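Heads up: the structure comes next, in structure tokens.
The values are calculated or read from the model by the stated rules, or taken from the named source; none is laboratory data. Computed from a prediction, not measured in an experiment: that's the story for all the values here. As a convention, Cβ positions derive from the backbone with ideal geometry for all residues, glycine included, and neighbour counts pool all protein chains shown. Ligands, DNA and RNA are stripped out before the accessible areas are found, and what is left, the full protein with its side chains, is counted by its heavy atoms. Shrake-Rupley method; radii C 1.70, N 1.55, O 1.52, S 1.80 Å.
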Amino acid sequence: LVALSNATKDNSVIFGKNSDREPNEPQIMIRIPPKKRDENKRIKCTYIKVDVEENTNEVILIKPHWIWGAEMGINSKGLVIGNEAVFTKEKLEPKALLGMDMLRLALEYCDTADKAVKYIIFMLEKYGQGGKAGYTQNLCYHNSFLIADFKSAYVLETAGKHWIVKQIDDVYSISNSLTLYKDFDECSSSLIDNAINKGWCKSKEDFSFKACYEDKLYSFASKGDYRQKYTMDCLRNNTGNIDLSYMMNILRSHCGDKKVGNYKSGSMKTICMHGGGIISSQTTGSMITHLKDGNITIWCTNTSLPCLSLYKPYWFIENIEMFYSEEQQSEAVEYWKQVEMLHRKVLRGEISDLSLYTAKRDDIEKQLLKMAEKAKSDEDKVEIMRFAKQSEQELHKILSDIISKSEKKRLNLNFYYNWYWKKQNNGLYN
């Protein structure tokens, strides 16, 4: 989701994204300093090597631990990108660039949103997209991107090596379905002719990207249209008053599904997605970025299930003690798994009342929002990050105490939901 300065309460740009992946797939945040690379040396992405430029930007990535690229991230220039799996009728390459690889490359080598759009298009047309993007599942997909900076934002959607792009006026969101129809700014040169030649439309006037290219079966199963409509309605209904707290609330939303909200069911129709039963995806990480007057603040959970997690602030400052490096990925994975074990106990549905925990979490977040707004120096920001880390540890202690004091009783839960989580829990450390 993105809200530009004409849609937010403080005239900032606010960008938010949940990453919905397999529940046992750790989602980690790493900070990578700027690098000077040998311009004659190709860089190995997840599956293939690509030609790159010499110098990179500093980046903060939120990524599946086993993939070179990232689901979402931001660089020190204020360029922020998120990608989503989409499903089209076009063929994928057996091994090429993942959408996550293109995202990281754009963050490393681009300074603005418009340059990132052009760069991703260039890499897509040169190398194509494809390869297994699922952790244990053999899941392959095309990609859409939401790309923003301090002044502008774009939506870029792809199908094979074809692409289509539109600049955003105020608010926008993407999910696991195509969103562009006839209203777009640019497209690949053969996009429309390809659709006509394949009989997906009759003429240029008849062309609609979503209608022509989308794989309707996979897109329906992903419930992307449902989630995208929900988030767009939330943004439109609050245009002019969108702030960080509101964006957090959207990303935590269970869309009125009480069973999901009570940790007794999974659903693809919730923004904070819970796995369970036949639902094999869950929100494994969440990020919000706040861009205003040249200042960049990143709010990240570093843990799954934003409905249970604390959003903590981070900044691009010289002090790196609060970050994991690319060489410390195993430590970041272990941290994610430790917290995940707590979340799994909540997912058993045995805790009748989490109000003490969530109230405390919300109070801490309010404190952090006020502190972040007033932060001036790097020293201020380090202290806030330390306070956030300590507060999160205290929250985990409260949650652990609530869990230990809860009655262990057999609940009337769905058989497949219980079976699913038993299987997932057995596999978390295997």
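Sparsely packed loop sites in segment 331-430 (the chymotrypsin sites (Phe, Trp or Tyr not before Pro) outside DSSP H, G, I, E and B with at most 11 other Cβ atoms within 10 Å) comprise 429.
With the charge dipole of segment 161-203 set up from +1 on Lys and Arg Cβ and -1 on Asp and Glu Cβ about the Cα centre, the Cα lying farthest toward the positive end among the listed residues 167, 199, 178 is that of 199. If you take the Cα centroid of segment 246-321 and the Cα centroid of segment 149-207, the two points sit 28 Å apart.
Calculated on C-alpha atoms, the gyration radius of segment 212-267 divided by its Kirkwood radius gives an Rg/Rh of 1.06.
The alpha carbons of segment 308-430 occupy a box of 53, 34, 20 Å along the principal axes, longest dimension given first.
In the elastic network of the chain, a GNM with C-alpha springs shorter than 10 Å, the most mobile of 24, 11, 138 is 138.
Using the Karplus relation 6.51 cos²θ - 1.76 cosθ + 1.60 with θ = phi - 60°, the per-residue 3J(HN,Hα) values for segment 191-197 come to 4, 6, 4, 4, 5, 5, 4 Hz, with x marking Gly and Pro.
Quick check on segment 22-101: take the gyration tensor over C-alpha atoms, sort the square-rooted eigenvalues as a ≥ b ≥ c, and tell me if it's rounded (a/c under 1.5), prolate or oblate. Because a/c hits 1.5 or more and a/b fails to exceed b/c, segment 22-101 counts as oblate. Can you give the angle from 0 to 90° between the axis of helix 415-427 and the longest principal axis of the chain, with both taken from C-alpha atoms, to the nearest 10? So the helix axis and the longest Cα principal axis differ by about 90 degrees. If only the Cβ of Lys and Arg carry +1 and only the Cβ of Asp and Glu carry -1, the dipole of segment 140-233 around its Cα centre is close to 320 debye. If you take the square roots of the eigenvalues of the alpha-carbon gyration tensor of segment 246-350 and sort them as a ≥ b ≥ c, do you get rounded (a/c under 1.5), prolate (a/b over b/c) or oblate? Oblate, since a/c reaches 1.5 and b/c is not below a/b.
Taking Cα centre as origin and charging only the Cβ of basic (Lys, Arg, +1) and acidic (Asp, Glu, -1) residues, the dipole magnitude of the chain rounds to 1520 debye. Taking the inverse of the mean 1/r over every pair of distinct Cα atoms in segment 62-215 gives a Kirkwood hydrodynamic radius of 15.6 Å. Projected label points at residue 405 and residue 236, each 7 Å from Cα along the beta carbon direction, are separated by 4.6 nanometres.
Here the Karplus curve 6.51 cos²θ - 1.76 cosθ + 1.60, taken at θ = phi - 60°, turns the phi angles of segment 306-318 into couplings of x, 5, 10, 9, 9, 7, 10, x, 9, 9, 7, 10, 5 Hz, with x standing for Gly and Pro.
If you filter segment 21-61 for GluC sites (Glu not before Pro), then keep DSSP loop positions with at most 13 other Cβ within 10 Å, what is left? Sites meeting the loop and neighbour criteria: 39, 53, 54. Applying a threshold of 32 Å to the alpha-carbon distances of 258/366; 41/292; 9/258; 151/258 flags 41/292; 151/258 as lying beyond it.
Surface composition of the chain: carbon plus sulfur atoms hold 48% of the accessible area, using a 1.4 angstrom probe and ignoring ligands, DNA and RNA. Between 0 and 90 degrees, the angle of helix 329-347 with respect to the longest Cα principal axis of the chain falls at about 60 degrees.
Filter the chymotrypsin sites (Phe, Trp or Tyr not before Pro) in segment 1-80 down to the DSSP loop ones having no more than 16 other Cβ atoms within 10 Å, then list what survives. Within segment 1-80, the qualifying chymotrypsin sites (Phe, Trp or Tyr not before Pro) (loop, at most 16 other Cβ atoms within 10 Å) are 66. In order along segment 383-396, phi translates into HN-Hα couplings of 5, 5, 5, 5, 4, 4, 5, 5, 5, 5, 4, 5, 4, 5 Hz, rounded to whole numbers, per the Karplus curve 6.51 cos²θ - 1.76 cosθ + 1.60 with θ = phi - 60° and x for Gly and Pro.
Given just the C-alpha atoms of segment 77-130, how large is their convex hull per residue in cubic angstrom?
Each residue corresponds to 76 Å³ of Cα convex hull volume.
Once you sort the root eigenvalues of the Cα gyration tensor of segment 321-368 as a ≥ b ≥ c, which label holds: rounded (a/c under 1.5), prolate (a/b larger than b/c) or oblate (the other case)? Note, shape of segment 321-368 comes out oblate.
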